[in-house]
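Please see the structure below; I have some questions.
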Amino acid sequence: MSSSEAFTELPSVAPQLRALRRRASLTLEAAAAAAGLSAAHLSRLETGQRQPSLPMLLALARIYGTTVSELLGETVVDRDSVVRAADMDPTAAGGWTYYQAGAPGRGMQALRVRVPHGSQGDIVRVHPGEEWLYVLRGRLRLRLGDTTHGLGPGDSAHFDSLTPHRIAAQDPDGVELLFVHTLLQSPTAALCLGPTPGETP
């Protein structure tokens, strides 16, 4: 893409940045500080004088409570979407079975996950974002850094995904979870599920 072609995209992005900041009731200075930018830099982004990078878009999307797709002016998924149990198709990855429990195109991914005993228990995950899980059935062994926690039905955990973490089922029958994580780098479940067997981490 030439520089002139890139510049023609700026006017469509810039008004969105400004409109979403105002919708979030943030001043230019407050939004810039939260995103780690100068007010002058954010102003140039909003007036189309500068092209935002992906890390900037991710930061601004989190601050404005929206998604990168909306910042780019793409069609926004209905914010009141309901996912019916009958519409949750199972997907297998690395021995786990998971069901999409939330709408696509959001800043978070919601899943219902079944973790069999002995599946991926040795995979340690570290990635940007946050995770929240809730045990529906069975017992879970959750390792966060150097600490191991045993969780049963009704127990939950909320942690920074940059903390090295490991998830494993304690019981032979496995464990079933509700799982929510932020999507900061990838729109796929591989971000939280780790590599499938045979892949190189």
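The values are calculated or read from the model by the stated rules, or taken from the named source; none is laboratory data. The shown structure was predicted, so the numbers you read here are calculated from the model rather than taken from an experiment. Because the Cβ atoms are built from the backbone with ideal geometry, glycine has one as well, and the counts that use them run over all protein chains shown. When the accessible area is computed, the model is the full protein with side chains, heavy atoms only, and any ligands, DNA or RNA have been set aside. Shrake-Rupley method; radii C 1.70, N 1.55, O 1.52, S 1.80 Å.
Output the qualifying pairs, or none if there are none: Cβ atoms under 8 angstrom, residues six or more apart or on different chains, first residue in the stretch 139-154 and closer than 13 Å to Leu177 by Cβ, second residue open to solvent by 30 Å² or more (accessible area, probe 1.4 Å) and among the acidic types (Asp, Glu).
Short answer, once both residue conditions are applied: Arg139/Asp171; Leu140/Asp155.
Hey, any hits in the stretch 51-74 for a residue that's farther than 21 Å from Thr182 by Cα and of a type in the set (A, V, I, L, M, F, W, C)?
no
Given the criteria modelled with pLDDT of 90 or more, open to solvent by less than 30 Å² (accessible area, probe 1.4 Å) and part of a strand (DSSP E or B), does Leu136 qualify? Steps first, answer last, please.
Working: modelled with pLDDT of 90 or more: yes; open to solvent by less than 30 Å² (accessible area, probe 1.4 Å): no; part of a strand (DSSP E or B): yes.
Taking the combined requirement at face value, the residue does not satisfy it.
Tell me, which residue of the stretch 140-166 that is under 18 Å from the mean Cα position of the chain (by Cα) and of a type in the set (A, V, I, L, M, F, W, C) is nearest to Ile123 (Cα to Cα)?
The extreme case among them is Leu162.
Continuing with the same structure: Glu130 versus (1) modelled with pLDDT of 90 or more; (2) open to solvent by 80 Å² or more (accessible area, probe 1.4 Å): which is the lone unmet condition?
Exception for Glu130: condition (1).
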